[in-house]
Structure formats: C-alpha cells, structure tokens
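Inspection log for the structure reproduced underneath, given as structure tokens.
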Amino acid sequence: MEAFFSHVLRGTIDVSSDKRLCDQRFSPLLHSSRHVRQLTICNMLQGATELVAEPNRRVLETLASSLHTLKFRHLLFSDVAAQQSLRQLLHQLIHHGAVSQVSLYSWPVPESALFILILTMSAGFWQSGHGSLPCRLCGEASRGRAPSRDEGSLLLGSRRPRRDAAERCAAALMATRRKSEVKQMPRAVPTTRVTRRSTQESLAIGGTDSKRELYSPATSYEASGTKQPSSAPAATSSASSSTSSKRAPASSASQPKPLKRFKRAAGKKGARTRQGSGAESEDLYDFVFIVAGEKEDGEEMEIGEVACGALDGSDPSCLGLPALEASQRFRSISTLELFTVPLSTEAALTLCHLLSSWVSLESLTLSYNGLGSNIFRLLDSLRALSSQAGCRLRALHLSDLFSPLPILELTRAIVRALPLLRVLSIRVDHPSQRDNPAVPENAGPPSHIIGDEEIPENCLEQLEMGFPRGAQPAPLLCSVLKASGSLQQLSLDSATFASPQDFGLVLQTLKEYNLSLKRLSFHDMNLADCQSEVLFLLQNLTLQEITFSFCRLFEKRPAQFLPEMVAAMKGNSTLKGLRLPGNRLGNAGLLALADVFSEDSSSSLCQLDISSNCIKPDGLLEFAKRLERWGRGAFGHLRLFQNWLDQDAVTAREAIRRLRATCHVVSDSWDSSQAFADYVSTM
C-alpha cells in the first residue's frame, strides 16, 4: 500500500485505466495514506503541490499521523511555487505531525534556499505569513496557549547573547553578502505599500487568476506588513501597474521562466531572483542568515576569509544576527541524515547554527558532505549542543573522503565534545592536510579542539572506525578506549599499526579497560604477523562475537596456527559467534575447525561464517559428516556465501542437506569462475 500510494502520487500508475479507482466516492490516496510510514520526494519536488492542495486535505491529515520518515532523493532546482508547497507540507508533517526522521540522498549541486528550508523546518522553526496560506492547526493551537518567548529564541538565548563560532561566522557571511549586494544593486525605485484589495483589483484588471497569484512570493509582504523591496515586480499594485505596463506587456509578467536542470548557473540566477523580488527581510531564511545562490569563486574566497576572522572574534561587524523572536518553535525531528550532499560554507554554517540548540536531535548522520575545515565549526556546535539542558544526541555517524584532522584526533575531539554519546561511527577514506581553498593555509585547527589533555570518561557503547591507509598511532586509540569503559562493540576497518606490538597494546587495553566489550570486529587488516594476538583474543572470556573479515589470518604457518586456534576456541565457553570471511581457509582449514564441535570441546559456538574461503563441495561434505558423527545437534547458523560449491553441484547439495539437519545453512549460487585469480594465488 505504501508503494501504491507513491506511484499514484507521482503519476506512474494510471488511475483512469481502472474503473474501480475512478469512482468519485473513492480516493486511492486517502485509502492508502494510513499505511504509509515512509515517503520519498524526488527531483523537482513532485507530489508536494498535490498533497497540500485542498482536495487532498484529508490525505495530508492522515499522513501527519502515520508518516515517520521523509526522504529526499536526487533533488533538482525547483521553482518558488514548489518550495512554498514543500514549506506547507513540512509544516504539516513535522510541526503538526509524527515525522521523526528526515534523510537527504544524492544531491550533487544543492540549492541553498531549498536546502536551508528543509533544515530549518526540520529543526522546528516556522514563521507565519511568507506568502502561504495560514495554517488552520496553528490557529487552533494559538487559542489554547500563548506562544512561548523562549521557544522562539533558543538559538540566540538572551537579548545580547554570547556568540559562538558558528554565529560569528554566520554574521560575517551575512555582512559580506550584503556589502556585495549593495555594490551590484541598481538605483532604487520608490516603493508602494501593497494591500490585499489593491492586489486583487490589479489581478482582476490584468485578467490573471487571483486564487493562483494571491499567495505568490511577490505579494507575500502583505502578510507581515513590510514594504515591498525596490526590485519587486511593480505589477502587484494598482498604483504601479500603469508604470509597469509601459515597460513590458502584462502577459509577459505572468509567464515563468523555464527551469534549467543540473546547471549551477541556473541555481544562482533563481536564488538571486528570489532574494531580490520574493524574499522578506524577516523570512524563514533571514532569521538564520541571508541565503541566496552560491557565490562566484572570488566571492567564496572573500567569504571564507571573513568567516575565518570571525572565528577569532576579530571582525567588528559580527555584532548582530537576525532576531528569532518573530519565529515560532514547533516540534522538530529526532533523526537527520545527509548522504552525499556537498555542504558549502554557507550550508555548513546553517547546519552548525541550528545544531547548537537542536536538543531533540537523537541521531545525526553526515556522509560524504565535503566538510573540510567546517568540521571545526561542527565540533563547536556539537559542544554547544552538549551543554544544553535536555540534549538527546546519542548517535553520530560521520564519513568523508578527506579530513583536516587525523582520524584518531578527530575521534578524540568528538568524544570530548559529546561525552554522553552512545554510538559513534567515523570513517575517513584518504588522509589530507590540504583543505578548502577558501580558508587560508595558515588557519590551523583551534587549540581547544586538539590537545594532549586526558579524555574524560564517556558513555560510548558502540565505536566503529574506518581508517585511511597508513600506520595509526596506537597510543591515541588506546586513550579513546581507556576513556570508554562502557564500550560493548568495537569495529576497526582497514586499521594499520606500525608493528604487531602496537596491535598487542590495543588488545591489552581492551582487556584491562573495556570489561563490558561483547563484540569485536576487524575488517581488511593484515593480521598474518599477529597470530599470537589473535590467540589472545580467542582466549578472552568476555567476548561473545569476534569477526576477522579479510584479515589474511592463515597466510603464514597455517599448519601450526590452525591447531592452536582450534584449541583456544575449544576452551572458550563464552564465544557465541565467529566470522571468518575472506581468509582463504580452504578444505583443510574447514576440517580443522570441525574439531571445535567435538565431544571434548566446551565451546558454545552457535554462529559460524566461512564465506569466501575457497571451500569445495567435497570438503564441505566431509565437514557435515564429522558434525553428524559427533552428534552436537543444531548449533545455529552457518554462512557459506561465495565458495566454490558449483564445481560439483550434486556433492554440494548432499553436503547442504546433511548440514541442515545440524544447523541453519545460508548459501548462494555463486559462479566460482570469478575467483580464478584467487585460486591461482593459493596453488
């Protein structure tokens, strides 16, 4: 039903082709809306305008109570009308609804105005007027209680707040942009105050649809009572219609310009037009900071320099941000995810500014956003959020191609900024000291972010780290582990240490300081020279699950190491799961592991993963016979993905049939010819 709702909304299902769906007494959207838990908006915001239309009012009310996740995929540049519809939709689904998660996927060239609209609405901010229809639910809520002054000023605190780094950067950015706009602005034309009656009269004279044009951005100033800017179209009032008719025909003013897709220039032009003619001085974008299109390369350099100066508080223009008293604070989401959405300096400052007081946020995911030096501003905002009463942030997932900080120093900084964090997942693909060219090269990380002081005790329960290539300093990792006494799950991906002794130091730290550790995972690590350390882990009586994924365990001395490994596992009664994918175990290694389930073993192993281990059907059949002979009964799950079982299909089927009497087998029909190179290397 959820898929049916999405297809009908996007028009991919032709409702007119089925007479049952064409019944005037039946609404396909209304019938399926109560089953929708997740809604995806794509491309040019298709579906947003349809959902906020008056005929679908009951559909939107139903979605407000049933929808929990809102996703945006592959967004393109949108017009003003679509953004107004999206604004009403987000207000209904988030502020008056049950949506708790907003996710953005694959937005290569984000439109600043649209991106900040989604962020600010997700954070719970709303400002009446704005050229849109009044909210009926807001009117009902306002009768019951007076708006709280504190809700509208959470981002700023008191009347004269002490500004953090993100606020000072935002103010500097806003001052620079205004200075640039003043230089480019033509001579001002005397403005005329617009009233609703004059607007309707002018629309009637011009022959346009008043219901369509009444709430356009050009007439949104009447809602707040502000004066219309000089660049606004003069055709919105009767007094100026005669003047505009001399310059251009009336019909040409109502024709929208065609949209350009996937072009940065189109986004800049549309955003600047919005700022000049359709944006209020106190609208949704202004109360965070002014948003227009992305600047030219030279302007981005100037903005970066001013922002860096604002970090030190040396810019005298950083004295005032737009006040938030005019806005209202509503319900906000608890989970925010940004996947492959490049964040410009402007967008990053917006995010940091909102994060500093987003106390309802519980989970934050920033994946491949090109943060660069903005990571320092993010850390400042997370530190400010952590100091807020009622902060609920417990999960942070951060991944990027490059980082101005080494990954272990970045991890230490995050743990210091968020001591109440429970889940931390961090990944950096490539080490790099080169950062955003908009930031001067001598602008290093602030002194309060990196330091040698000891990390205070934290509440981390799950830590996942993906390392770039290169040896990692074991003492830094040990300092994080020592401060994480509640750690229950640790995952290290592509970690490289200078020597096996460094790896042993990490394992010794785990044994001494992380007594609650239950799950340990290593992926893509060369442990061929760390066999004694592996045996040390298998003898640990606190671990319940160990993963060695593509770690080259049996590359050296397999005849001596396998019996030692089996002996360690036979004496471990707490280990429940062992995952060994991609270690070239082979038939001989599999038969050696069968001894773990022998009669004289005290092992309680119930999950075994031997995928991608060059296992042939005859070896698997002998493994099944040994399990039958020892009569251990069902021991749980056995995973056999991507092994060479297609070389003898009959023997493989017989082996799997016997194994299913002992355990639950999960396999696939993989073509082993793809592993020819791996086979040659093991000959």
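The values are calculated or read from the model by the stated rules, or taken from the named source; none is laboratory data. As the structure is a computational prediction, the values presented were derived from the model and not from experiment. FYI the Cβ positions are ideal-geometry reconstructions off the backbone, even for glycines, and counts take in every protein chain you see. Accessible surface areas use protein heavy atoms only, side chains included; no ligands, DNA or RNA. Shrake-Rupley method; radii C 1.70, N 1.55, O 1.52, S 1.80 Å.
Put a dot 7 Å past the Cα of Met1, heading toward its Cβ, do the same for Arg73, and the two dots end up 2.2 nm apart.
In a fully extended conformation the segment linking Cys22 and Asn526 would gain 175.1 nm over its present Cα-Cα distance, using 0.36 nm per residue. Relative contact order for the range 1-112: 26 percent, from Cα pairs under 8 Å spaced at least 6 residues apart, divided by residue count.
State whether the range 45-96 is rounded, prolate or oblate according to the following rule on the C-alpha gyration tensor (a ≥ b ≥ c being the square roots of its eigenvalues): a/c under 1.5 gives rounded; otherwise a/b larger than b/c gives prolate, and the remaining case gives oblate. Since a/c reaches 1.5 but b/c is at least a/b, the shape of the range 45-96 is classed as oblate.
Using a simple spin-label model with pseudo-atoms 7 Å out from Cα toward Cβ, Ser602 and Ser499 lie 3.5 nm apart.
Taking all protein chains together and rolling a 1.4 Å probe, Asp14 ends up with roughly 90 Å² accessible.
Available extension along the chain between Leu420 and Ser106 is 110.0 nm, counting 0.36 nm per residue and deducting the alpha carbon span.
Please label the shape of the range 494-575 as rounded, prolate or oblate, based on the square roots a ≥ b ≥ c of the eigenvalues of the alpha-carbon gyration tensor (a/c under 1.5 means rounded; beyond that, a/b larger than b/c means prolate, else oblate). Note, shape of the range 494-575 comes out oblate. Sorted from greatest to least, the principal axis extents spanned by the alpha carbons of the range 7-111 come out as 42, 27, 21 Å.
Taking amide H atoms as placed 1.01 Å from N in the peptide plane, the amide H of Ser425 lies under 5 Å from those of Leu396, His397, Leu398, Glu464, each 5 or more residues away in sequence or on another chain. Using the 1.4 Å probe convention, the accessible area of the range 518-682 works out to 45 Å² per residue with neighbouring protein chains retained. The heavy atoms of Thr365 offer some 10 square angstrom of accessible surface to a 1.4 angstrom probe.
Computed with every protein chain present, the accessible area of Ile610 is close to 0 Å² [probe 1.4 Å]. Leaving out ligands, DNA and RNA, what percent of the accessible area of the range 7-51 is carbon and sulfur, probe 1.4 Å? Accessible surface attributable to carbon and sulfur in the range 7-51 totals 49 percent.
A Stokes-Einstein calculation at 37 °C with viscosity 0.692 mPa s, built on the Kirkwood radius of the range 356-403 over Cα pairs, returns a diffusion coefficient of 290 µm²/s. Taking only protein heavy atoms and a 1.4 Å probe, the accessible area of the range 518-682 is 50% carbon and sulfur.
Applying 1/(1 + (r/R0)^6) with R0 = 25 Å to the Cβ-Cβ distance of Lys625 and Asp671 gives a FRET efficiency near 0.40. Here the contact order of the range 518-682, divided by its residue count and restricted to Cα pairs under 8 Å and six or more residues apart, works out to 17 percent.
Under 5 Å from the amide H of Thr496 lie the amide H atoms of Gln472, each residue being 5 or more positions distant or on a separate chain, with H modelled from the backbone and absent for Pro and chain starts. Taking a ≥ b ≥ c as the square roots of the eigenvalues of the Cα gyration tensor, an a/c ratio of 1.5 or more together with a/b no larger than b/c marks the range 518-682 as oblate.
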